[in-house]
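Input: a single structure, listed below in structure tokens.
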Ligand SMILES: N[C@@H](CCC(=O)N[C@@H](CS)C(=O)NCC(=O)O)C(=O)O
């Protein structure tokens with residue numbers, strides 16, 4: 001059986017978990033926090049989560065894991081059939097990761113864990129979010145999903161990255177990314193109604209206290 005390594009508060013872990021749940025694939029969750037222990041690096045060479053352990057060996061990097069799931073597992077397809085539309089979804093996944101999630105992540109320390117962000121970083125992040133959201137505005141159809149009328153991996157990436165970026169934008173820049181991207185709020189609300197999304201959210205909630213303790217124990 002597939003084993004999913006990570007922890008329930010991780011947004012990337014939850015992307016893979018939701019994909020497996022949506023497809024109805026059996027998997028076992030193995031709780032691990034990011035670390036640099038030799039034993040874990042054997043599975044995840046950067047020490048990050050998630051890691052998916054398959055019969056042939058471990059895989060890391062969320063978008064790669066999602067592709068593997070699509071190609072190897074049964075269940076409802078989560079990429080469009082048509083090659084161009086499938087590429088469009090992959091394009092959006094890259095845009096969400098590179099220009100929304102990763103820039104916003106540079107401010108998670110301040111927004112979620114009581115750290116600080118330099119003015120220089122703030123300026124860079126604000127600019128990146130503007131360009132990233134403008135790119136999404138040009139590409140997303142919200143019809144009602146990110147692209148088309150079926151759930152795709154693009155929606156899964158959107159679900160677990162855009163909201164976090166919005167929290168950064170709201171706290172640090174007094175911006176509302178949802179109003180900058182018409183259709184995004186409605187899609188987020190619709191996704192939140194899915195039973196599998198509710199399960200992931202409940203597990204996240206249940207794991208929050210332990211994660212918060214771990215974070216504060218590590219704080220200087
Ligand atoms: N590019 C990775 C990013 C995964 C990632 O950043 N995971 C976080 C937890 S949400 C992590 O493991 N952070 C620890 C670290 O960066 O060392 C992926 O696509 O899976």
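What follows draws every value from the coordinates through simple rules; no lab data is involved. All figures in this text were calculated on a predicted structure; none of them were measured in a lab. We place every Cβ from the backbone using ideal geometry, glycine too, and count neighbours over all the protein chains shown.
Worth pointing out:
- Among the residues making up the stretch 37-74, those that are within 11 Å of the ligand (Cβ to nearest atom), in a helix (DSSP H, G or I) and within 17 Å of the chain's Cα centre (by Cα) are 62, 63, 64, 65, 66.
- Verdict on residue 3 being part of a helix (DSSP H, G or I) and either in contact (Cβ under 8 Å) with a residue 24 or more places away in the chain or within 12 Å of the ligand (Cβ to nearest atom) (or both): no
- Residues (in a loop (DSSP other than H, G, I, E, B), under 20 Å from residue 160 (Cβ atoms) and away from the ligand (no atom under 14 Å from the Cβ)) located in the stretch 12-36: 24, 25
- Residue in the stretch 76-107 that is surrounded by the fewest Cβ atoms within 10 Å (Cβ to Cβ), counting only those that are more than 19 Å from residue 152 (Cβ to Cβ) and in contact with a helix residue (DSSP H, G or I) (Cβ under 7 Å, 6 or more places away or on another chain): 106
- Answer from 211, 178 - the residue that is more than 23 Å from residue 13 (Cβ to Cβ), part of a helix (DSSP H, G or I) and under 18 Å from the mean Cα position of the chain (by Cα): 178
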